[in-house]
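Taking it in order: structure first as structure tokens, then the write-up.
Only the coordinates and a few stated rules stand behind these numbers; no lab work does. Source: prediction; values computed, not measured. For neighbour counting, all protein chains shown are included, and Cβ atoms are generated from backbone atoms with ideal geometry for every residue, glycine included.
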Amino acid sequence: MISRRSLMLGSAAAGLVSFAPSAIGQVPAVDTLPASAPTRRLSLTAQETEAKLLGPDKPATRHVCAYDGELFKIVRGRRGTRLIVDFENRLPDPTTVHWHGIRVPYLSDGVAPLTQDVVPPGGRFSYNVPLPDTGLYFFHPHCDETGQVGRGLFALLVVDDEAEDKVRFDAECFIVVKDWRLGDDGQWLEMSTEDGAANAGTFGNVRATNGQTTAPRVEAPAYGDVRVRTIVADATRVIDLGCDTDDAFMLAVDGQALPPVPFKALPDDVWRMGPAMRLDMQVRMPGPGQEVKIYDYRSSEPYLLTTLVAVDKGKHPSPLKAKALPPPRVPLPDVRKAKKLEFLIQMAAGPTIVSPSLPADDPLSKALVNSLCVGKTTHWAISRDSWAAGDALRLPPPLARLDNGASYIVSMTNVTKHMHPMHLHGHVFRVLSHSKKPKMPQYLADTVIVEPNETVDIAFKAVSGNWVFHCHILEHMDTGLMGWFKVA
Ligand code: C2O
Ligand code: CU
């Protein structure tokens, strides 16, 4: 099957038309660190590699995609520093890099065609990535995400600082939830299916934690406190994260600290996480030889994500105390003065799409066609507008035009049968309410699940830029569930 994308790629290869984003009705970009902030240069490549994803004695998978050729790479940086990332695309397809959850100036946000052109094979792009906030983030492509992320293209970005260093843990452990879609021969299956894209998404057929098909066993000091940092990097899977001890606290959501919440105070003792969502938790270890098991309780049989094994390191039992992380530094919205905007998350029904697209001769429309980052069909919409997909090469007008520095409440109502983890670029928002979960703690996030028939209200202080707002079930965003805000 020849996809529209590969056809377009073929004709584009002859001479990729280039649109400088500065030509596209741009707005001022806001830097979140002073110009004097210390900088660190980082070179980064996107490339293909081979890996034994099914296990050591199974055939290696070809065309695995990874940054610097290293699956599940972890990049660490200090808060207050700026990364200047010299990116090179060594993939055979166009790509971009999006810094999920990081408050970057929007011209480094990695969204073609809104903030940059795609980086063609062999091309380069320099990203300005200030790190104004501590926490667990990640970066991934923003073009053919279903395919590229599906084959492994993402990396963790951990931002540390002195205030956090003072909150001492006895161990740190990462849990990366990411399934694979592989045949018995170890080679990739089609990442997207019509049925998946129009429903809950296409699931991997091989479950894995940190890329391994058997749950990792991680040693940690007996009676110590472990910082467990979980991210759902999967394109589709939603998990209910929990563990088999009561001595566990939730410390940060999407990198943003909150006053610690005991897991047993959460509805069903679990925290629901969809694609792109992160959670930091504290787990108190039992005595030597004993274990703590961390599960996804959403599966029909609880799925073991990781086993923490207590080893004797000379620590003695001590009273359990929650370790509060330093409070977030993100600008907070003024909720009382905020203007409210309401949106529906719905199935796309062709004829009901009403608002006129940008005219075909608008530079942004042309750039969209040239971006090659367009999905195959349209299934989803935000308030009757779908992002360009299939033959509908229309870029919807912005969902709203916002004022830089003003506060907004975005109220989302999901009228579909499926959950949608909604992500807003460039901002960290306060989750004000979940209509179906009145007992949720107050928290900040960059991605929030809206359950079927639920209304979720978020509030944020708008920052100048062109920012997309989309579902992070990657097939949903690739088939219409994406819109954008213009903030100036
Ligand atoms: Cu992880 Cu558009 O984002
Ligand atoms: Cu969705």
Using θ = phi - 60° and Karplus 6.51 cos²θ - 1.76 cosθ + 1.60, couplings along the range 290-295 (whole Hz; Gly, Pro as x): 8, 10, 10, 10, 10, 10
Order of Leu344, Leu44 under a 10 Å beta carbon neighbour criterion, fewest first: Leu344, Leu44
Residues Cys143, Cys173 arranged by fewest to most Cβ contacts within 10 Å: Cys173, Cys143
Burial order of peptide ranges 84-97, 108-121 (average beta-carbon count within 10 Å, highest first): 108-121, 84-97
Relative contact order of the range 111-235, pairs being alpha-carbon contacts under 8 Å that are 6 or more residues apart, as %: 27 percent
Stokes-Einstein D for the chain, Kirkwood Rh over Cα pairs, 4 °C, 1.567 mPa s (µm²/s): 57 µm²/s
DSSP beta bridges in the range 30-166 [antiparallel fraction, %, rounded to 5]: 60 percent
Helix 4-13 vs. the chain, principal-axis angle (Cα, 0 to 90°, nearest 10): 70 degrees
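Give the shape of the range 4-165 as rounded, prolate or oblate, defined through the alpha-carbon gyration tensor: a ≥ b ≥ c are the square roots of its eigenvalues, a/c under 1.5 means rounded, and otherwise the shape is prolate if a/b is larger than b/c and oblate if not. The partial results should precede the final answer.
Working: a/c = 2.44, a/b = 1.14, b/c = 2.14.
Verdict is oblate for the range 4-165.
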Likely footprinting exposure, Glu145, Glu70, fewest C-beta neighbours within 10 Å first: Glu70, Glu145
Cβ crowding within 10 Å averaged over residues, with 433-443, 214-224 ranked highest first: 214-224, 433-443
q = 0.17 Å⁻¹, the range 219-339: log10 I(q)/I(0) [Debye, one scatterer per Cα]: -0.90
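What fraction of the DSSP beta bridges in the chain is antiparallel, stated in percent and rounded to the nearest 5? Intermediate results must be reported in sequence, preceding the final value.
On the way: 85 of 121 bridges.
Percent antiparallel among DSSP bridges in the chain is about 70.
Using a 10 Å cut-off on Cβ atoms, rank the peptides 426-432, 75-81, 312-318, 50-56 from the highest mean neighbour count down. Walk me through the intermediate numbers first.
Numbers: 426-432: 23.0, 75-81: 16.7, 312-318: 10.7, 50-56: 14.9.
Listed from highest to lowest mean packing, they are 426-432, 75-81, 50-56, 312-318.
Give me the net charge for the shell around Tyr303: Cβ to Cβ below 11 angstrom, other residues only, Lys and Arg +1, Asp and Glu -1.
Values: positive: Arg207, Arg237, Lys293, Arg298; negative: Asp179, Asp240, Asp296, Glu301.
Overall, the nearby charge balance is 0.
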Fraction of the pair-distance distribution of the range 410-474 above 18 Å, Cα-Cα pairs, percent: 32 percent
Rel. contact order, % - alpha carbon contacts under 8 angstrom, at least six apart, the chain: 15 percent
Per-residue [θ]222 nm for the chain (sum of -39500 (n - 2.57) over DSSP H runs n ≥ 4, rounded to 500): -2000 deg cm²/dmol
Partners for Lys293 among lysines (Cα-Cα distance below 17 Å; same-chain residues under 8 apart left out): Lys264
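Expressed as a rounded percentage, what relative contact order does the range 171-311 have, with Cα pairs under 8 Å and six or more residues apart?
Values: 338 pairs, mean separation 39.5, N = 141.
Rounded, it is 28 percent for the range 171-311.
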Cysteines without a disulfide-compatible partner [the chain; Cβ-Cβ under 4.7 Å]: Cys65, Cys173, Cys243, Cys471
